Ligand SMILES: [Zn+2]
C-alpha cells in the first residue's frame, strides 16, 4: 500500500486513485482488477508479482522499490515526477480544491475549534467533498522543508 505516496502525489497536483479507497475485498480479484482497470492511469506498486502481471498485459506500471516515503518521492522524481505543493487537489479525497466563501471558512474554523482571526491571516483553499480547508500554515512549511531535504540528499 502506498498511502503516504498517494497523499504526496495529490499535494503535488497529480490525479491519484488509491487502492485502499476502492474497497476491493478479494486479493486475487484485486490484482486482476488493477491490471485491467483505470487503463488511462499509471499503476504504482511495490508488489513484484503485480508489477510483472502489468508488464505482460501491457499495462502502464511503475515499480516502487523503497518503503520509506522520502525514498519513494526520490524514486519518482528521478522518473520525471515533480513534487511541489500546488494547492490544487485534496490530499484526502483527490477532489479539486477551490476558493472558499467567507461563510465556508468560518464554518470550518468553528468546527475545528480554530480561532476566527485565521480568516484574515491566511489564504484558503477548500475541498467541498471533505468540507476541509487548506492554508499555508506550519503544516505547509514543514512539508516544504521535507521536500527540500529530499532534494538536497
Ligand atoms: Zn477532500
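Any read-out appearing in this document is the output of simple, stated calculations on the displayed coordinates, not a laboratory observation. All values derive from a computational prediction rather than experimental measurement. Neighbour counts are summed over all protein chains in view; Cβ atoms, including those assigned to glycine, are modelled from backbone coordinates with ideal geometry.
Yes or no, residue by residue, for (1) under 13 Å from the mean Cα position of the chain (by Cα); (2) closer than 18 Å to residue 20 by Cβ; (3) surrounded by 15 or more Cβ atoms within 10 Å (Cβ to Cβ):
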site	(1), (2), (3)
37	no, yes, no
58	no, no, no
63	no, no, yes
71	no, no, no
96	yes, no, no
103	no, no, no
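Okay, residues lined up against (1) touching a residue at least 24 places away in the same chain (Cβ under 8 Å); (2) part of a strand (DSSP E or B):
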| site | (1), (2) |
| --- | --- |
| 23 | no, no |
| 28 | no, no |
| 31 | no, no |
| 40 | no, no |
| 62 | no, yes |
| 65 | no, no |
| 71 | no, no |
| 86 | yes, no |
| 93 | yes, no |
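The set of residues from segment 82-94 being more than 16 Å from the ligand (Cβ to nearest atom) and surrounded by fewer than 16 Cβ atoms within 10 Å (Cβ to Cβ) comprises 82, 84.
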